[in-house]
1. Checking the condition modelled with pLDDT of 75 or more, within 30 Å of ASN6 (Cα to Cα) and out of contact with any strand residue (DSSP E or B) (no Cβ under 6 Å at 6 or more places or on another chain), which residue from CYS38, CYS21 passes?
2. Could you tell me whether any residue of the stretch 10-18 is closer than 18 Å to TYR85 by Cα and either modelled with pLDDT under 85 or not in a strand (DSSP E or B) (or both)?
Amino acid sequence: MAELVNCKSCGKQVSEAAPTCPHCGQNAPGLHVKCLRCSSMNVSSRQKRLGLGKVVAAAIFANPVRLLGAMVGKKTELVCQDCGYKWIPYP
């Protein structure tokens, strides 16, 4: 069973596993991420598409299935809003 934590936006108690806060609508209210460089909690995420160079390399060195994966593949990138540091949370 998920425990109760404070929402990162409004501070009210919500389930750790709740997809949105029932009080303010914040996405993933129980997920608290700190910047790896400055330890700020002001972190946002965005989807990053693979660049053209990686798609061309996949076409030259890989099979067609991997090429298709490279063309539609996206990675989630975290960005600190305070210091601008960017990182991918998992490889």
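The values are calculated or read from the model by the stated rules, or taken from the named source; none is laboratory data. Everything numeric here is computed off the predicted structure, so don't read it as measured data. Note that we place each Cβ from the backbone using ideal geometry, even for glycine, and neighbour counts take in every protein chain shown.
1. Numbers: CYS21 fails: out of contact with any strand residue (DSSP E or B) (no Cβ under 6 Å at 6 or more places or on another chain).
Answer to the selection: CYS38.
2. Residues of the stretch 10-18 that are closer than 18 Å to TYR85 by Cα, as a first pass: none.
No, the stretch 10-18 contains no residue that is closer than 18 Å to TYR85 by Cα and either modelled with pLDDT under 85 or not in a strand (DSSP E or B) (or both).
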